[in-house]
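Below: one structure, written as structure tokens.
The values are calculated or read from the model by the stated rules, or taken from the named source; none is laboratory data. Note that the structure is a prediction, hence the values are computed from the model and not measured. Note that each Cβ is placed from the backbone with ideal geometry, even for glycine, and that neighbours are counted across all protein chains shown.
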Amino acid sequence: MSLHPVVAAVTRRIRERSAASRATYLRHVEAARQAGTTRAQISCTNLAHAFAASPADDKQALRAARWPNLAIVSAYNDMLSAHQPLARFPEIIKDAARKAGAVAQFAGGVPAMCDGVTQGQPGMELSLFSRDVIAMSTAIALSHNVFDGVLCLGVCDKIVPGLLIGALQFGHLPTVFVPAGPMTSGMANNEKSRIRQLYTEGKVSREQLLEAEMQSYHGPGTCTFYGTANSNQMLMEVMGLHLPGAAFVNPNTPLRDALTRAAAQRAVRITRQGGEYTPIAEVIDERAIVNGIVGLLATGGSTNHTIHLVAIARAAGIVIDWSDFDRLSDIVPLLARIYPNGSADVNQFHQAGGMGFLMRELLGEGLLHADVKTVDGPGLWRYTREPFLYGGELHWRPAAACSMAPQILADAERPFSADGGLKLLTGNLGRAVIKTSAVKPEHRIVEAKALVFDDQEDVLAAFKRGELHRDFIAVVRYQGPRANGMPELHKLTPALGVLQDQGFKVALVTDGRMSGASGKVPAAIHVTPECLNGGPLAKIRSGDVIRLDATAGTLEAHVDADEWLQREVIVPSMEHNHHGMGRELFASARAMASGAEQGGIIFNAAMSAAA
């Protein structure tokens, strides 16, 4: 199948836009490749430190420099259900590496915070910045320069993007991402959402709400809704960094363990010593980035990736912006209905045919670049297969010929929507994105008076006082990276959802983020420039009429032009956002952060120089 002309055109524009920065990045990668690891050249003291605690056989192999050495970089911790299964992975990987003629060392751990725990709490203001801390932690883990390949163990929201940004700074090293898989299905997502709204209305107790949440989040593995964590897993597969079909296999199962062993063995084979050298810089190129955007759109994935994919691309010297997402969204059909875009969870998506079926449909329509390098070998058609065990051995077979559940996973001829459900909004309030795939058509245009808030808690307080039973657009300002770290405002979803269900026309406009599980309420998010950086959203006053039109792609304040020019911007005190829960330590991150459309990067100067 020939490549779709729009996909080809967008890729060409990205390549042209990125020519200088990509060339600089590849020049640095080549210099590192030529230098190689220093294991055979560094001083005996340095080398002895590198394997002092290794088992005797591993020590001999590293001393002789005859086997490749794999770095394990892991986001394991006990608190995150998605990462708790990773505790077992290093020993599985080390054993598999030895059997494949390699050594694997645990090179470093990276922090892993849970947005589900910090949602609506002060700690959420560290969430976006944690991505770049993870990137820097990955760099520290690999900085010893004694490794020939990397295995990145991570799943959730900022963790996979952070690991990938860090790994791309070592672009000469082959890198395989190793997921843990989703938890088994618990309470249905629609029922969970219903109980949340009932609690918001005061109709169920906190104990009843907690019981429902515990039935939803009940065991090891990733949360089963299609938020940022599971969008990450889709991306790693469609960008060729997982083994085929690895994304959504449940943890602590024979198949999951077999895939983990196979990832280690494959990492050995793609090192320079293994004969199929595939550095990550050759896997992540302009085509892979476009494939990632297409996969995001086709599945109705997390809006957070309109930030993360930008940052990932820049780490590889590639420059993308929201116009690229918007142009591709026009021609990429929505093929998945996973909560919040439907009632199903990722386990049901996987059972319906999953990533293998999805990627075959997209490749068949020319919507993905097939001619890419992957950690599994050349060509993306390899990812139209699914793994299975036969006689205790891991094998792959073609994905299902047709969807096992057409109401969850559609074929390209009968999509749920002709477009990808992600729109760029522009107008006199700046640039923003909106996820329309979960928003009913009758809610995609809202024109109403603004109610202005500078804190999400103020919105909830007004709701509890009964002041929001009307048509309105909630403007929540000073929520950008430089103001307070750009927290997600998912805590607002139940209250706004209640009002919408009661028949009111409501919407949200903010320079902050919503959850990766952004739902049924229309939300113009990531408004850029942010208010603290001179963004026009800071000029809005309560009572101003705003029109949010997701069909036309506009976000406009209907204010007299002369009055608009004369309005002064009053910046509220942000002092309460800068202290407590460790936020004091992130003052420099807030000062350095780029805008949302530039990736919200805290090492912005260095990335801008590279890009």
Study note, to complete from the structure: If we ask which residues in the stretch 543-577 are under 20 Å from ILE525 (Cβ atoms) and among the small types (Gly, Ala, Ser), their number turns out to be 4
Point to revise | Lone qualifier among THR224, THR228, THR260 - being over 18 Å from ASN347 (Cα atoms), in the same structural domain as CYS156 (by TED's automatic domain parsing), crowded, with 24+ Cβ neighbours inside 10 Å and not small (Gly, Ala, Ser) | key: THR260
Practice item. Take the stretch 71-82 and flag every residue that is surrounded by 24 or more Cβ atoms within 10 Å (Cβ to Cβ) and in contact with a Pro (Cβ under 9 Å, 6 or more places away or on another chain). Key: ILE72, SER74, ALA75, ALA82
Check your understanding: Which ones in the stretch 358-373 are farther than 14 Å from ARG414 by Cα and among the hydrophobic types (A, V, I, L, M, F, W, C)?
Key -> MET359, LEU363, LEU367, LEU368, ALA370, VAL372
Review point. Of these, GLY600, GLY534, which one is in contact with a His (Cβ under 9 Å, 6 or more places away or on another chain) and closer than 30 Å to ILE165 by Cα?
Key: GLY600
Study note, to complete from the structure: The residue from ALA96, ALA35 that alone is out of contact with any Gly (no Cβ under 7 Å at 6 or more places or on another chain) and under 25 Å from GLY154 (Cα atoms) is ALA96
Review point. Given the residues GLY120, GLY219, which is the only one that is in contact (Cβ under 8 Å) with a residue 40 or more places away in the chain, more than 18 Å from MET239 (Cα to Cα), touching a helix residue (DSSP H, G or I) at 6+ places or on another chain (Cβ under 6 Å) and surrounded by fewer than 17 Cβ atoms within 10 Å (Cβ to Cβ)?
Key: GLY120
Study note, to complete from the structure: In the stretch 417-467, anything more than 29 Å from the chain's Cα centre (by Cα) and free of Cβ contacts under 8 Å to residues at least 24 places away in the same chain is listed as ALA461, ALA462, LYS464, ARG465, GLY466, GLU467
Point to revise | Failed item in (1) aliphatic (A, V, I, L, M); (2) free of Cβ contacts under 8 Å to residues at least 60 places away in the same chain; (3) in a loop (DSSP other than H, G, I, E, B), with ALA82 passing the rest | key: (2)
Review point. Do you know which residues across the stretch 89-126 are at pLDDT below 95 and in contact with a strand residue (DSSP E or B) (Cβ under 7 Å, 6 or more places away or on another chain)?
Key: ASP115, GLN119, MET124
Exercise for review: From the list LEU555, LEU532, pick out the single residue that is outside any loop (DSSP other than H, G, I, E, B) and either of a type in the set (Phe, Trp, Tyr) or more than 23 Å from ARG590 (Cβ to Cβ) (or both).
Suggested key: LEU555
Check your understanding: Does any residue of the stretch 535-552 turn out to be under 27 Å from SER127 (Cα atoms) and assigned to a strand (DSSP E or B)?
Key -> no
Check your understanding: Give me the pairs: first residue in the stretch 87-105 and closer than 14 Å to ASP257 by Cα, second residue among the aromatic types (Phe, Trp, Tyr), beta-carbon distance under 6 Å, and six or more apart or on different chains, which are they?
Key -> ALA87/TYR76; PRO90/PHE106
Exercise for review: Say whether the condition of being surrounded by fewer than 18 Cβ atoms within 10 Å (Cβ to Cβ), β-branched (Val, Ile, Thr) and either touching a helix residue (DSSP H, G or I) at 6+ places or on another chain (Cβ under 8 Å) or on the phi < 0 side of the Ramachandran plot (or both) is met by at least one residue in the stretch 491-501.
Suggested key: no
Check your understanding: Which residue out of THR278, THR303 is more than 20 Å from TYR25 (Cα to Cα) and not aromatic (Phe, Trp, Tyr)?
Key -> THR303
Practice item. Mind listing just one residue for me: the one in the stretch 85-110 that is of a type outside the set (Phe, Trp, Tyr) and assigned to a strand (DSSP E or B) and, of those, surrounded by the fewest Cβ atoms within 10 Å (Cβ to Cβ)? Key: GLY109
Study note, to complete from the structure: Going through (1) of a type in the set (A, V, I, L, M, F, W, C); (2) touching a helix residue (DSSP H, G or I) at 6+ places or on another chain (Cβ under 7 Å); (3) at pLDDT 95 or above one by one, ALA82 fails only at (3)
Exercise for review: Check GLU530, GLU556 and return the single one that is modelled with pLDDT of 95 or more and surrounded by fewer than 21 Cβ atoms within 10 Å (Cβ to Cβ).
Suggested key: GLU556
Practice item. Would you point out the residue of the stretch 139-195, among those that are among the β-branched types (Val, Ile, Thr) and over 19 Å from PRO68 (Cβ atoms), that is surrounded by the fewest Cβ atoms within 10 Å (Cβ to Cβ)? Key: ILE140
Practice item. Please go through the stretch 568-593 and pick out each residue that is surrounded by fewer than 23 Cβ atoms within 10 Å (Cβ to Cβ), part of a loop (DSSP other than H, G, I, E, B) and either of a type outside the set (S, T, N, Q) or touching a Phe, Trp or Tyr at 6+ places or on another chain (Cβ under 9 Å) (or both). Key: GLU568, VAL569, ILE570, VAL571, PRO572, MET574, HIS578, HIS579, GLY580, MET581, GLY582
